[in-house]
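First up is the structure itself, then whatever we jot down about it.
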Amino acid sequence: MLDDRKLAILDAIIETYIESAQPVGSKVLAHKYSLSLSSATIRNVMAELEDLGFVYQPFTSAGRVPTEKGYRFYVNNLLDRYDVALREQAAIKKKLYAMQRFERALEAATKTLAERTNCAAIAAYGEDVYHSGLSNIFRQPDFMRSPLQALRVAEIFDNLFSLVHELPKSKDIMIFIGGENPIGKEANCSFVFSRFSTPNHMGGIIGVIGLTRMPYEKTVSLVNLISDYLEEF
């Protein structure tokens, strides 16, 4: 188990990297967070986190970047609750319920989720698969450094139907990080999804595909919220 110092620094590294997409150095953390630690002490802790496999250094003298193991630990242990503002909840609900047919509501839900997470959103209901926001992923600076990653992400969307049918049947929200994904293991993406059931007992899924540095707190809350609204439709 990580001690409080390592927990605080790992949390700070991941939060900063999610926001900046740049390797995180000790001086940035010392300036940005109230850690009450010197840059030298932070560097030592970062080195220990690297030895434990939670972060890595992409090149000599660079800061640290979270690994999939680091993201998994963060999601399981450090994720804070994100409260969707009441005004935002009302706007989303009004938009979905303005649709006359469930399929139109599901399409609107997919677009809304993509817009509000800045990721790509997908949904499936019966034999229909919807997606929106793929350009949100390709606009990220990560692809400037790794053009091959764009191809890997595109392959996920070429195989969406397979992805949907390989997902677990759990009713709980599910989070796949990087290589945990059923398909697209090399795309450096995460997938957050939830299942829903309609009054006619027909089930579906809705979720978000984004880079591993997606804003997990906000994404999980929005997926949960919209899934609940779809069940009430």
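The values are calculated or read from the model by the stated rules, or taken from the named source; none is laboratory data. What you see is a predicted model, and the numbers here were worked out from it, not measured in a lab. Neighbour counts are summed over all protein chains in view; Cβ atoms, including those assigned to glycine, are modelled from backbone coordinates with ideal geometry.
Observations, loosely collected:
- Of all residues in segment 76-118, those satisfying the criterion of being in a helix (DSSP H, G or I), charged (D, E, K, R) and free of Cβ contacts under 8 Å to residues at least 60 places away in the same chain are ARG87, GLU88, LYS94, LYS95, GLU103, ARG104, GLU107, LYS111, GLU115.
- From the list SER135, SER194, the one residue that fits, being outside any loop (DSSP other than H, G, I, E, B) and crowded, with 18+ Cβ neighbours inside 10 Å, is SER194.
- Residue count for segment 69-82, restricted to those that are more than 23 Å from GLN22 (Cα to Cα) and touching a Ser or Thr at 6+ places or on another chain (Cβ under 7 Å): 1.
- Scope segment 47-68; condition at pLDDT below 95 and in contact with a Ser or Thr (Cβ under 8 Å, 6 or more places away or on another chain); matching residues: GLY63
- For segment 75-96, the count of residues that are under 27 Å from ALA8 (Cβ atoms), out of contact with any Phe, Trp or Tyr (no Cβ under 8 Å at 6 or more places or on another chain) and polar (S, T, N, Q) is at least one.
- Any chance ALA90 is crowded, with 16+ Cβ neighbours inside 10 Å and either among the small types (Gly, Ala, Ser) or under 19 Å from GLY207 (Cβ atoms) (or both): no
- Counted residues, segment 1-29 - those being farther than 16 Å from LEU78 by Cα and either without any contact (Cβ under 8 Å) to a residue 40 or more places away in the chain or among the small types (Gly, Ala, Ser) (or both): 8
Condition check ((1) surrounded by fewer than 16 Cβ atoms within 10 Å (Cβ to Cβ); (2) within 21 Å of ALA114 (Cβ to Cβ); (3) hydroxyl-bearing (Ser, Thr, Tyr)) across all residues:
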| site | (1), (2), (3) |
| --- | --- |
| GLN140 | no, yes, no |
| VAL153 | no, yes, no |
| GLU166 | yes, no, no |
| SER170 | yes, no, yes |
| ILE175 | no, yes, no |
| GLY184 | no, yes, no |
| ASN200 | yes, no, no |
| GLY207 | no, yes, no |
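- Scoring ARG43 on the criteria (1) over 26 Å from LEU7 (Cα atoms); (2) crowded, with 17+ Cβ neighbours inside 10 Å; (3) without any contact (Cβ under 8 Å) to a residue 24 or more places away in the chain leaves a single failure, condition (1).
- Selection of segment 33-75 for residues being of a type outside the set (Ser, Thr, Tyr), within 23 Å of the chain's Cα centre (by Cα) and assigned to a helix (DSSP H, G or I) yields LEU49, GLU50, GLU68, LYS69, GLY70, ARG72, PHE73, VAL75.
- Of the residues in segment 23-43, at least one is under 25 Å from GLU180 (Cβ atoms) and of a type outside the set (S, T, N, Q).
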